[in-house]
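The values are calculated or read from the model by the stated rules, or taken from the named source; none is laboratory data. All values reported here derive from a predicted model rather than from experimental measurement. Here the Cβ positions follow ideal geometry from the backbone for every residue, glycine too, while neighbour counts run over all protein chains shown. Heavy atoms of the whole protein, side chains included, go into the accessibility calculation; ligands, DNA and RNA do not. Shrake-Rupley method; radii C 1.70, N 1.55, O 1.52, S 1.80 Å.
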There are 2 protein chains.
Amino acid sequence: MTRTLIKETPQKIGEQITLEGRIASRRDHGSIVFFDLRDRTGILQVVLQTNMANDLKEEDIILIEGVVKERPAKMENLEIETGKVELEASKVGLISKSQDLPFALKDTPELSLPVLLDFRPLTLRAEKTKAIFKIEEEVIDEFRKTLKSLDFFEFQAPSIVPTATEGGSEIFKIDYYNTSAFLGQSPQFYKQIMVGAFERVFTVAKAYRAEPSVTTRHLSEYITLDGEMGFINSWTDLMDTCETIIKNIFKRVELSCENELKILDAIVPEIKKNIPRIRMREAQQIILERTKRDNTKEPDLTPEDEKEICQWAKETYNSEVVFITHYPTKKRPFYTMPDPENPDYTLSFDILLKGLEITTGGQRINDYNQLVENIKKWGNKPEDFEFYLQAFKYGMPKEGGFAFGAERVVKQILGLENLREASAFPRDMGRIDGRLSNNE
Amino acid sequence: MTRTLIKETPQKIGEQITLEGRIASRRDHGSIVFFDLRDRTGILQVVLQTNMANDLKEEDIILIEGVVKERPAKMENLEIETGKVELEASKVGLISKSQDLPFALKDTPELSLPVLLDFRPLTLRAEKTKAIFKIEEEVIDEFRKTLKSLDFFEFQAPSIVPTATEGGSEIFKIDYYNTSAFLGQSPQFYKQIMVGAFERVFTVAKAYRAEPSVTTRHLSEYITLDGEMGFINSWTDLMDTCETIIKNIFKRVELSCENELKILDAIVPEIKKNIPRIRMREAQQIILERTKRDNTKEPDLTPEDEKEICQWAKETYNSEVVFITHYPTKKRPFYTMPDPENPDYTLSFDILLKGLEITTGGQRINDYNQLVENIKKWGNKPEDFEFYLQAFKYGMPKEGGFAFGAERVVKQILGLENLREASAFPRDMGRIDGRLSNNE
């Protein structure tokens, strides 16, 4: 037998075919039973005699033979592509039996987050969950496609790193043979090294943060979409590249995920021809004027500030995306390029989407001596950075880069409440697959 | 100024342009100096007055203005695309100065492996090194492209895992908040879970093995190209899919990397219309007959056996690739499907390329009860696998999968001596970037 995919059925009216898939639902009507059969390409109504249906139920996997029929006009389901046809079953075979489900799959969106994640292998099968990860796949693929079209080279960054470099405590330690190693907080050093060889590079990698608290915005392991660009004319080249990436991602999701957006009841955020760019200090001033909240001396925007400034950008520029630039030097890593006009601030930026940071970027220090000085100024030892420093010792062009958090991009596009919903297998303080019991 | 890329220069004869790049070499001829200038797109000869060249030397990054000229016919370099033109420089500016190099970049291929890796940020810039990673990029991209064309869904597998599952000791332990976690030895469980939702899935992920010895064939962190396929008719579907992947990869490298193959003096291995498939026991018998080495009772092929059977396949089928099938049940993980005709052996396979395993795969047990029984039989506790087992508890189609080691594929295509040469930043017992000193 050759398996017919459900999406092919509208072209097979009158034909005898074999389908394989899962029972998405069962409705008994006297001597007749209706299944909604699901495969990776869609859902189809199947009609069969009750005596053929036995005790078959939701999530059972079956093989089913029959003839494709047109449904009577008034019985059509115009919500789905296969809603004008159905299969009249002549034979049913069981491929795999499901045990009783803890909940109906269609109720997945109503589950509490802990239950959603406790049963992830099951809830991943729900229509809404699959739609989220289909969109994530497209987001990542578009990041890759856009940068390849701009002549960026893709490499695979390592995740085991030798020293706790960028930030002290929020790093995971590994028992590494007879010594210790760490999980990289970002592919930063490696993408800079690669710029020395390939000029423009990107990587789809993992980043690890031992976040000591559980928030709706953090994961212990997340997908980072990292790009780095040599021979820039100006640090604004980096923002221009990010702008292209975001626009392309939004366009791609809109065009390729029409059905998924419908399922998730989501609309891709609006983007203006140009994304507004404002300095962090200006943003704080605007927030002060709008809310009387005086954070103008703070070295960073608070989560509330990020929401407020996005609200302002929407009202003022009709843009749900905004660049915040010129973060204070003290708040950025040692490799960030200070603004020559005011070295207390850096040539750096974040991108906020609907109230949340989705991207961070900036120009880097490319002069060896300046970088060594900064490593010392940040309280680190240059000898711990010997490998990384080689990239600068032997010449490095003016360069910079950016990193998008893939789950955050998806969360914000879809308006999800918690970042964990955008991670197939989220890891945090309290969970790796199942809940962790050994935590004190 | 607008930067002209070196590959564009043959179309700019007579034009005034600006180039940015690195000095690949310097040759002084009296009052004239020749640079080979390198950017990400190629190499160009630049002619300048000695007084303009100052102390500029290899790896310095410069900006250079001038006019593109045709080279006299006898001075053409037909080895490179830009060999018929040169730049007559009128102005030179320094972008970044390199310190003295520990060796000339062109001597990189002669370095010992430890030195090659100690200076990785520098040696990555060598033509031969870049060619290796360009090929690696194409291999990974073709894996992705092939599986997408076969309707596989791409997901991002997590690397932090809760338990030491597949193999006991060769696993890295992580301090995870107040408990322990591990680095995944493969995305196996996650891709199987994803099959439950998406039927056909793949992931480009990292796998981690705490290999207690240093060999030319192992890395502590490597790139795994993992696919998993539900609703198979037969386990041979998996081999067919692998065959398509390999053929496509070979074709892609041949077509897209002509220049890189020339640089590396490599020829893509031959592949027959069909890759031969032989059982492990048959292979051992053949080896016995050819070498008088009797390993016919061994549960696996030794590295020497793998070389010998590849030699045999080349002589017999003119194929540098061979499938070895039906590995003993005891040597495979608990989830491997036993051969119903002889349950001491499994429906599993390896692919050997020029003497080395590059792929492993097989059909999996998809029946919940059988899987639980096997977990016990392998000495594990089913409760440790509760999360994974959900995927089977709630119905799982007949399925299986495969994993390609990306670095191994590249190593074997190119005939590299050591797997580390095919890893940009190899990690092993003795090295993470630099050499580890704390090892006892």
Report task. Please report the relative contact order for the range A:1-135, taking Cα pairs under 8 Å with a sequence separation of at least 6, and give it as a percent rounded to a whole number. Result -> 21 percent
Query raised in the report: Dipole of chain B, Cα-centred, from +1 at each Lys and Arg C-beta and -1 at each Asp and Glu C-beta, to the nearest 20 debye?
Result: 160 debye
Query raised in the report: Given a Förster distance of 25 angstrom, what is the FRET efficiency for A:VAL115 paired with B:ASP367, based on the Cβ-Cβ distance and rounded to 0.05?
Result: 0.45
Query raised in the report: If you bin every alpha carbon distance in the range A:91-171 into 5 Å steps from zero, what whole percent lands in each bin?
Result: 3, 10, 13, 10, 10, 13, 15, 12, 8, 4, 1, 1, 0
Query raised in the report: Lys/Arg Cβ at +1, Asp/Glu Cβ at -1, dipole of the range A:352-440 taken about the Cα centre: which of A:ASN418, A:MET429, A:TRP378 is farthest positive-ward?
Result: A:ASN418
Query raised in the report: Per 20 Å bin, what percent of the C-alpha pairs of chain A does each bin hold, from zero upward?
Result: 22, 47, 25, 7, 0
Query raised in the report: Can you list residues whose amide H is under 5 Å from B:GLY395's amide H, if they're 5+ apart or on another chain and H is modeled 1.01 Å from N?
Result: A:GLN99
Report summary line: In the range A:93-145, the GluC sites (Glu not before Pro) that sit in a DSSP loop and have at most 11 other Cβ atoms within 10 Å of their own Cβ are none
Query raised in the report: How high is the relative contact order of chain B, in percent, with contacts defined as C-alpha pairs under 8 Å that are six or more residues apart?
Result: 13 percent
Report task. Rounded to whole Å, how close does chain B get to the rotation axis onto A by Cβ? Give me the residue too, please? Result -> B:ILE174, 3
Query raised in the report: Counting DSSP beta bridges in the range A:47-146, what percent are antiparallel, to the nearest 5?
Result: 90 percent
Query - Teacher prompt: B:LYS12 distances to equivalent labels in other copies, 7 Å Cα→Cβ, nm - result: 5.7
Requested in this report: Whenever you get a sec, compute what percent of the accessible area on the range B:184-332 sits on carbon and sulfur atoms (1.4 Å probe).
Outcome: 47 percent
Report summary line: In cubic angstrom per residue, the convex hull of the range A:170-240 built on its Cα atoms measures 125 Å³
Query raised in the report: Hey, can you list the residues from the range A:385-414 whose accessible area shrinks by 30 Å² or more with all protein chains present, relative to the chain by itself (probe 1.4 Å, no ligands or nucleic acids)?
Result: A:PHE387, A:GLN390, A:LYS393, A:TYR394, A:GLY395
Query - chain A - accessible surface per residue (Å², probe 1.4 Å) - result: 41 Å²
Requested in this report: Rounded to whole Hz and in sequence order, give me ³J(HN,Hα) for the range B:19-32 from the Karplus expression 6.51 cos²θ - 1.76 cosθ + 1.60, θ = phi - 60°, writing x for Gly and Pro.
Outcome: 10, 10, x, 9, 7, 8, 7, 10, 10, 8, 10, x, 7, 10
Query raised in the report: What percent does the relative contact order of the range A:305-417 come to when contacts are Cα pairs within less than 8 Å and at least six residues apart?
Result: 23 percent
Query raised in the report: Kirkwood hydrodynamic radius for the range A:73-230: how many Å is it when counted over pairs of different Cα atoms?
Result: 20.2 Å
Report summary line: Cα extents of the range A:262-376 along the principal axes, largest first, in whole Å, come to 53, 35, 23
Query raised in the report: Taking Cα centroids, how far is the range B:114-157 from the range B:258-313 in Å?
Result: 25 Å
Requested in this report: Treating only the Cβ atoms of Lys and Arg (+1) and Asp and Glu (-1) as charged, compute the dipole magnitude of the protein assembly as shown about its Cα centre; round to the nearest 20 debye.
Outcome: 300 debye
Query raised in the report: What is the set of long-range amide H partners of B:ARG279 at a cut-off below 5 Å, with H atoms built 1.01 Å from backbone N?
Result: B:THR325
Query - Chains A and B, summed buried accessible surface - 1.4 Å probe, Å², nearest 100 - result: 8300 Å²
Report task. Provide the per-residue ³J(HN,Hα) series for the range A:374-385, in order, calculated from phi with Karplus coefficients 6.51, -1.76, 1.60 and θ = phi - 60°, each as a whole number of Hz, with x at glycine and proline positions. Result -> 5, 4, 5, 4, 7, x, 10, 9, x, 5, 6, 10
Report summary line: Taking every DSSP bridge whose two residues both lie in the protein assembly as shown, the antiparallel percent to the nearest 5 is 90 percent
Report summary line: Among beta bridges assigned by DSSP with both residues in the range A:207-360, the antiparallel ones amount in percent, to the nearest 5, to 80 percent
Report summary line: Measuring from its Cα centre, the range B:97-246 shows a charge dipole (+1 at each Lys and Arg Cβ, -1 at each Asp and Glu Cβ) which, in debye to the nearest 20, is 440 debye
Requested in this report: Find every distance from the label point of A:GLU304 to the corresponding label point in the other copies (7 Å from Cα along Cα→Cβ) and write them in nm, one decimal, shortest first.
Outcome: 7.4
Report summary line: CD proxy, 222 nm, chain B: helix-only mean residue ellipticity via -39,500 (n - 2.57) per DSSP H run with n ≥ 4, per residue, nearest 500, stands at -9000 deg cm²/dmol
Query raised in the report: Among B:VAL85, B:ILE286, B:MET194, which residue has its Cα positioned farthest towards the positive end of the charge dipole of chain B, with +1 placed on the Cβ of Lys and Arg, -1 on the Cβ of Asp and Glu, and the dipole taken about the Cα centre?
Result: B:VAL85
Query raised in the report: Karplus couplings for the range B:321-337 from phi (6.51 cos²θ - 1.76 cosθ + 1.60, θ = phi - 60°), rounded to Hz, Gly and Pro as x?
Result: 10, 8, 8, 10, 10, 6, 6, x, 3, 4, 8, 10, x, 4, 8, 6, 6
Query raised in the report: Which angle from 0 to 90°, rounded to the nearest 10, does the C-alpha axis of helix A:127-149 make with the longest principal axis of chain A?
Result: 50 degrees
Report summary line: Rounded to the nearest Å, the spacing of the alpha-carbon centers of the range A:365-419 and the range B:351-391 is 40 Å
Report summary line: With the dipole of chain B defined by +1 on each Lys or Arg Cβ and -1 on each Asp or Glu Cβ, the option from B:ILE32, B:THR359, B:ALA126 whose Cα lies farthest towards the positive pole is B:ILE32
Query raised in the report: For the range B:1-31, which GluC sites (Glu not before Pro) are in a loop by DSSP, counting at most 15 other Cβ atoms within 10 Å?
Result: B:GLU15
Report summary line: Taking a ≥ b ≥ c as the square roots of the Cα gyration tensor eigenvalues, with a/c under 1.5 meaning rounded and otherwise prolate when a/b beats b/c or oblate if not, the range A:1-83 comes out rounded
Report summary line: Per DSSP loop assignment and a cutoff of at most 10 other beta carbons within 10 Å, chain A keeps its longest run without exposed trypsin sites (Lys or Arg not before Pro) at A:1-272
**Report entry** Inter-chain Cβ neighbour average for residues B:169-178, partner chain, 10 Å
**Finding:** 6
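What does the charge add up to near B:GLU386, with Lys and Arg as +1, Asp and Glu as -1, over the other residues with Cβ less than 15 Å from its Cβ? All intermediate terms of the calculation are to be shown ahead of the outcome.
Numbers: positive: A:ARG120, A:ARG431, A:ARG435, B:LYS376, B:LYS381, B:LYS393; negative: A:ASP118, A:ASP433, B:GLU383, B:ASP384.
So the surrounding residues net to +2.
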Query - Sites B:ASP28 and B:ASP300 - FRET efficiency at Förster radius 41 Å, r taken between beta-carbons, to 0.05 - result: 0.10
Report task. Using a 1.4 Å probe over the heavy atoms of the protein chains, calculate the carbon and sulfur portion of the accessible area of the range B:1-91 as a whole percent. Result -> 49 percent
Report task. Calculate, for A:ASP107 and A:ASN178, the FRET efficiency according to 1/(1 + (r/R0)^6) with r their C-beta to C-beta distance and R0 45 Å; round to the nearest 0.05. Result -> 0.30
Report summary line: Once Lys and Arg are counted +1 and Asp and Glu -1 for all other residues with Cβ under 9 Å from that of B:THR18, the total becomes 0
